[in-house]
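Notes to accompany the following structure.
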Amino acid sequence: MSLTVDTPLVATRLARRHPLAKLGVAAVVAAGLLVSVDLVTASVVLAIELACLPLAGVGWRFLVRRAWPLPLAAGGVAVANLVASNAHGVAVGAISLRLVAIALPGLVAFASTDPVDLADALHQQLRVPARFAYGSLAALRLLPLLSVEWQVIRRARRSRGIDAGRSPLGAARLWSSTVFGLLVAAIRRATRLASAMESRGFDAGGPRTVARRQVLGAADWALLGGSVVAVGGANALAVVLGTWHPLLW
Amino acid sequence: MTTVVSARGWGWRHAGRRGWALRGLDLRIEEGERVLLLGPSGAGKSTLLQALAGLLRPPEAGDVEGELSVHGRPVTGPDARSGIVFQDPSTSLVMSRVGDEIAFGLENRAVPTGLIWPRVRESLDAVGLAYPLSWSVEHLSGGEQQRLAVADVLAVAPRLWLLDEPTSNLDPPGAALVRSTLAHLLGDRSITAVVVEHRVDELVGLVDRVVVLEAGGGVRHDGPPDEVFSRHGATLRASGVWVPGVRGPGPGAHRREPTRSTGPPVLEAEAVTVRYPAATTEAVSAVDLQVTASQATAVVGPNGSGKSTLALCLASLLVPTSGEVRFCAGGPRVPYARWPPRELVRHVGFVFQNPEHQFVAASVEAELTIGATRAGVGTGPGRRRVGELMERLALSHLAAANPFTLSGGEKRRLSVATALVARPELLVADEPTFGQDARTWDELVELLAEARDDGRAVLFVTHDEELVGVLADRVVRLEHGRVVSPVPGAVGQVLSAGDRR
């Protein structure tokens, strides 16, 4: 079991964009593609995404390493649709492509966003309370520690002579007792961390300043605007070509 | 002179507890005083520090009586004029980057944005951390993380510093760095400080007053360090306080001449090598080692030298990347690394650094009974053995208590008992004396010496020079995963200056 917060793209050009701009792009793409199920809209948007990734500093290596489950999932959806329904081959292709096109911007947005920047953005732009934004951030920092703890607890069970035996029931029991041990450890750590945060004036109810100001700049607005234009354009092209197929009517 | 801390008849009882952690406390601390709080385990030292930091809030956290004022006002919550440094930096640091971490406290105190970063840099410089602001907290050593926690407090410039065992979770070089940083900061005589620490000898130069607390009561002794230690040194040591220059009763009794030829071999390690995934170097590198019965082996070396990793391999809790560990004193015929847990527990006991990790039952008695049952001891003899062991470790009155509710020293004793109840041929302990008070230390030495004298092979990983001095028949020193001097005797010379605590 490995629990780590992984942001492999924090060194890219995209990492400098405002977290909300990146999440906004993902939302625009999702909304724009949910309107219609057709091959043209989905493939045009996907093509634009793939063309833009190198410009944003995201290399093919990242795609191979991180995004490989996407085509796999898309293929699975396609097979399931072909087998289980009498859907047209073109529609099935559209559904699969759409899945990849919607998921990709979200994947890239999270991989290129430092959790601290995201918490700052949530707090400063979306007015999420500091208690929630930075509290979650602190909890995130404990995850790798828990992963180490899990290993230690498992070893301790072994040294105490506790094993699952051959029955799946025994395995389930061992797993749940290990999870319980981990939970106790997690609560202890979390309590201590909460005290430490409180001692430093966190969540005291008074005014709070920000050390890192997050500003939605021109480049962020351009990124958002660009995504609206791209998604709108793809839909328009589909209308012109007559393949546009709205989902709801 | 201004009074910084004033307690009158103050007491605190944690929610859900029957006894009072502290009661009837009368104490005044004036501006500029450096107070060392002492007392046996469970005397409420940390409780008092938390109360002074404004972290204890009645009625949810517990019941309060009497009065407690800090900076001339009754304590109602955390105050920017007080700052606290906790024992374990891994659970007190909040942010992932060094600069953000220090800035966090300043943001909470509503320091204007423009003033934050200069203040962050000043604090970082003052504790001697020469890293960029974007440096990851995870990449700091334990000692550096604790210095960062000191910088967190420093940035807010409190008048009252509260230090809750600031060095007890660190290895000796890390602890030394934190101490020198604190000594430097406390040079400012307008700052008041209250310190809790087990290992007194190293801090005694920093303080000018010692206050000894009584378990469940108030102040037992109060005065300058020399006076308190010369008058009450022996009683303090007996109650678990480490006192400079005073030795406990236990250790001397167990000192014996190290022996070269002892019992038959219990374990043999051949070219044991461990490389963790994603690591660039080997944690343990081609280690050959033989462990024999009736012998106590100490494994020493700086942090990160592979001591704990080696101990895990020797106890069959970690499979080496290459090389082999063979158990020679019985056991199943499959390779040692793949022994089923039920077989392992009969032959090998392991004492983890954090006792809580090895607890699996809801009561002390059940905890020990599980060990006996797993090792295949029948119900009758098993119950007898558990009874004897609880008696021997002074745990009988706690038979029905939940292991997690025991005091630190009791938990440590129970964890050793869980490893011993199956009467294994090999007992491995990872930093058994880490952070323990003097009384628990004495008991541990006695337990480990007894196990060895009963014919068991005992192997322990430690930074504790005193423990090596009284217990080790043999010292194995690791550096960068390699054995550098398996000296069978010469104990004193094997620990370098950096390892002393």
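See the values below:
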item: Residue list for segment B:403-436, filter: modelled with pLDDT of 90 or more and polar (S, T, N, Q); result: B:SER415, B:THR418
item: Only listed residue being at pLDDT 85 or above, part of a helix (DSSP H, G or I) and closer than 27 Å to A:LEU247 by Cβ, chosen from A:VAL108, A:VAL83, A:VAL92; result: A:VAL108
item: Segment B:325-350, residues that are touching a Phe, Trp or Tyr at 6+ places or on another chain (Cβ under 8 Å) and of a type in the set (Val, Ile, Thr); result: B:VAL325, B:VAL348
item: Segment B:370-383: number of residues that are outside any helix (DSSP H, G or I) and at the interface with chain A (Cβ under 9 Å from one of its Cβ atoms); result: 1
item: Qualifying residue in segment A:90-113 (condition: closer than 30 Å to A:THR209 by Cβ and within 14 Å of another protein chain (Cβ to nearest Cβ)); result: yes
item: Whichever residue in segment B:51-99 is out of contact with any helix residue (DSSP H, G or I) (no Cβ under 7 Å at 6 or more places or on another chain) and among the small types (Gly, Ala, Ser) and, among such residues, is farthest from B:GLY143 (Cα to Cα); result: B:GLY66
item: Any hit, segment A:180-191, residues being at pLDDT 90 or above and buried (at least 19 other Cβ atoms within 10 Å of the Cβ); result: no
item: Top-ranked residue of segment B:399-453 - restricted to ones that are part of a loop (DSSP other than H, G, I, E, B), closer than 21 Å to B:THR369 by Cβ and over 19 Å from the mean Cα position of the chain (by Cα), ranked as nearest to the other protein chains (Cβ to nearest Cβ); result: B:ALA422
item: Selection count where residues are touching a residue at least 40 places away in the same chain (Cβ under 8 Å) and within 8 Å of chain B (Cβ to nearest Cβ), scope segment A:175-202; result: 4
item: Residue identified as charged (D, E, K, R), surrounded by 15 or more Cβ atoms within 10 Å (Cβ to Cβ) and either away from chain A (no Cβ under 11 Å) or within 24 Å of B:PHE460 (Cα to Cα) (or both) among B:GLU391, B:GLU367; result: B:GLU367
item: Residue match in segment B:157-166 (condition: modelled with pLDDT of 90 or more, assigned to a helix (DSSP H, G or I) and aromatic (Phe, Trp, Tyr)); result: no
item: Only one of B:VAL85, B:VAL127 that is surrounded by 22 or more Cβ atoms within 10 Å (Cβ to Cβ), more than 27 Å from A:ASP117 (Cβ to Cβ) and of a type in the set (A, V, I, L, M); result: B:VAL85
item: Criterion violated by B:ARG383 - all others in (1) surrounded by fewer than 21 Cβ atoms within 10 Å (Cβ to Cβ); (2) closer than 29 Å to B:LYS307 by Cβ satisfied; result: (2)
item: For A:ALA172: the one exception among (1) more than 28 Å from A:VAL28 (Cα to Cα); (2) of a type outside the set (Val, Ile, Thr); (3) touching a residue at least 40 places away in the same chain (Cβ under 8 Å); result: (3)
item: Residue in segment B:136-152 that is in contact (Cβ under 8 Å) with a residue 24 or more places away in the chain, surrounded by fewer than 16 Cβ atoms within 10 Å (Cβ to Cβ) and within 14 Å of chain A (Cβ to nearest Cβ) present; result: yes
item: Cβ-Cβ under 6 Å pairs, at least 6 apart or on other chains, segment A:135-150 side more than 10 Å from chain B (Cβ to nearest Cβ), far side at pLDDT 85 or above and part of a helix (DSSP H, G or I); result: A:LEU146/A:ALA186; A:TRP150/A:LEU182
item: Checking B:PHE359 against (1) in contact with a strand residue (DSSP E or B) (Cβ under 7 Å, 6 or more places away or on another chain); (2) within 18 Å of B:ASP430 (Cβ to Cβ); (3) modelled with pLDDT under 90, the condition it does not meet; result: (1)
item: Residue that is modelled with the lowest pLDDT [pool: residues in segment A:131-167 that are surrounded by 16 or more Cβ atoms within 10 Å (Cβ to Cβ) and among the charged types (D, E, K, R)]; result: A:ASP163
item: Out of B:ASP222, B:ASP226, sole residue that is in a strand (DSSP E or B) and modelled with pLDDT of 80 or more; result: B:ASP222
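Here is a yes/no grid of residues against (1) within 19 Å of B:VAL153 (Cα to Cα); (2) touching a Ser or Thr at 6+ places or on another chain (Cβ under 7 Å); (3) aliphatic (A, V, I, L, M):
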{"position": "A:ARG200", "(1), (2), (3)": "yes, no, no"}
{"position": "A:VAL210", "(1), (2), (3)": "yes, yes, yes"}
{"position": "A:VAL215", "(1), (2), (3)": "no, no, yes"}
{"position": "A:LEU247", "(1), (2), (3)": "no, yes, yes"}
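The values are calculated or read from the model by the stated rules, or taken from the named source; none is laboratory data. All figures in this text were calculated on a predicted structure; none of them were measured in a lab. Cβ atoms come from the backbone with ideal geometry, glycine included; neighbour counts cover every protein chain shown.
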